[in-house]
Amino acid sequence: MIDKATRLKVALQKSGRLTDNSLDLLVRCGLKYSRGKDQLMCYGENMPLDVLFVRDDDIPDLVQQDVCDLGIVGLNVIEEKRIAFEARGISPLFEQVMTLDYGRCRLSIAVPEGTEYKDARSLRGKRIATTYPNILGRFLREKDIEAEIVTLSGAVEIAPRLGRADFICDLVSTGSTLVANHLWEADTILESQAAIIRTPIPVPNEKQEWIRRLSLRIDGVQQVKESKYIMLHAPRAQLAEIRKLLPGSEAPTIMPLEGSTDKVAVHAVCRENVFWETLESLKSAGASAILVLPVEKMMA
Ligand code: PRT
Ligand code: ZN
């Protein structure tokens, strides 16, 4: 039996685009877990945190109903649920803690090849197929446009070919699904990525403390992904130029080099990717003995 008062319950997508990244994120935050026999739960062995695997659309509801304390889900799902709750006069009991650097996509209006679309006014009087009727409805209201929303549960991209809709409003990442279905992306109505939600209702202190610790660790994990530690030797005279070339570094450590008066050692955490081109520019600027190391953990 899981201790509801002290153990955090986190809802993740069971099987889909967010599953691997979300579980990997918790593992990078230090979670060691064992999987339940039914595969529907993971039990944290070294943290008071258990994971519940569900369909992504159910995640906001599970937080809303206080079954889970946290959930990881796309902003598109969060927004769709939030508008749906508000339309029913229900206050959403989930709030965004932070966005995560995966699951990026956009909710866009797509139009059959050969059909014109200038701006949102081109939607007037048209039928638009979508699985996001609430977000689309809000977009149309904001633009003061009357159009028919055709709500589908999937296969939205074939709706125009089947004669069920004139346009579609669907998630796009690479755009290849649209191309394969002879559609073109005409307008973006929402940018999305994975995000963590939590209940706004106060939780017991022990849980609150773990939410705080987890948030800090997630922040650290996200920062180190792109970060690199650079070490190099630089002529003193070139220091200003070399510092400018270090991508996303704030305050490098400058140290004297034993036996050298004109050269120093520079150590810096670069918060952006370091490409070969950067090393070439550093070398041209006079740097030598350049080392680039991955950063494993970081806490601000
Ligand atoms: O079973 P369950 O309900 O949990 O899963 P699901 O089928 O509803 O969701 P899933 O796994 O497809 O997506 C989960 C979340 O990933 C979404 O809610 C988004 O936040 C995010 N995401 C990121 C995407 C995409 N990219 C994406 N490309 N979700 C869906 N797509 C689909 C899109 O609907 C379209 O069919 O992929 C197709 C377009 O992809 P491209 O690359 O061809 O443009
Ligand atoms: Zn879903």
Inset, instruction - Of the conditions (1) in contact with a Gly (Cβ under 7 Å, 6 or more places away or on another chain); (2) of a type in the set (Val, Ile, Thr); (3) at pLDDT below 95, Ile201 clears all except one; give me its number. - result: (1)
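Leu40 - would you say it is in the same structural domain as Val97 (by TED's automatic domain parsing) and modelled with pLDDT of 95 or more? Steps first, answer last, please.
Values: in the same structural domain as Val97 (by TED's automatic domain parsing): yes; modelled with pLDDT of 95 or more: no.
Judged against the criteria, Leu40 is not a match.
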Inset, instruction - Might you let me know whether the stretch 228-248 holds any residue that is touching a residue at least 60 places away in the same chain (Cβ under 8 Å), under 16 Å from Arg28 (Cα atoms) and among the basic types (Lys, Arg)? - result: no
Legend entry - Matching residues, the stretch 257-283, being over 32 Å from the mean Cα position of the chain (by Cα) and exposed (fewer than 11 other Cβ atoms within 10 Å of the Cβ): Glu258, Gly259, Thr261, Asp262
Legend entry - Evaluation of Gly44 against (1) under 20 Å from Val203 (Cα atoms); (2) within 16 Å of ligand 1 (Cβ to nearest atom) (one fails), failing number: (2)
Legend entry - Residue, surrounded by the fewest Cβ atoms within 10 Å (Cβ to Cβ), within the stretch 45-66, restricted to residues that are more than 23 Å from the chain's Cα centre (by Cα) and not acidic (Asp, Glu): Asn46
Inset, instruction - Could you grab me the full set of residues in the stretch 5-30 that are away from ligand 1 (no atom under 16 Å from the Cβ) and under 16 Å from Glu209 (Cβ atoms)? - result: Ala5, Thr6, Arg7, Leu8, Lys9, Cys29, Gly30
Inset, instruction - Would you mind telling me which numbered condition in (1) within 10 Å of ligand 1 (Cβ to nearest atom); (2) over 9 Å from Ala110 (Cβ atoms); (3) among the acidic types (Asp, Glu) Glu191 fails? - result: (1)
Inset, instruction - Taking only the stretch 161-198 into account, find how many residues are away from ligand 2 (no atom under 16 Å from the Cβ), buried (at least 18 other Cβ atoms within 10 Å of the Cβ) and among the polar types (S, T, N, Q). - result: 1
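Looking only at the stretch 180-207, count every residue that is more than 18 Å from Ala129 (Cβ to Cβ) and not acidic (Asp, Glu) and tell me the total. Give the derivation first.
So the first thing to find is which residues in the stretch 180-207 are more than 18 Å from Ala129 (Cβ to Cβ), and the list is 191-207.
Narrowing further to those that are not acidic (Asp, Glu): 192-205, 207.
Here the count works out to 15.
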Legend entry - Candidate set from the stretch 132-178 (those that are away from ligand 1 (no atom under 14 Å from the Cβ) and β-branched (Val, Ile, Thr)); member that is nearest to Ala194 (Cα to Cα): Thr151
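Tell me, which residue of the stretch 67-85 that is assigned to a loop (DSSP other than H, G, I, E, B) and not β-branched (Val, Ile, Thr) is surrounded by the fewest Cβ atoms within 10 Å (Cβ to Cβ)?
Within the stretch 67-85, the subset assigned to a loop (DSSP other than H, G, I, E, B) is 67-69.
Those left that are additionally not β-branched (Val, Ile, Thr): 68-69.
Details: Cys68: 26, Asp69: 24.
Among those that are assigned to a loop (DSSP other than H, G, I, E, B) and not β-branched (Val, Ile, Thr), it is Asp69.
The values are calculated or read from the model by the stated rules, or taken from the named source; none is laboratory data. Just so it is clear, the model here is predicted, and its values are computed rather than measured. Methodologically, a virtual Cβ is constructed for each residue, glycine included, from the backbone with ideal geometry; neighbour enumeration extends over all protein chains shown.
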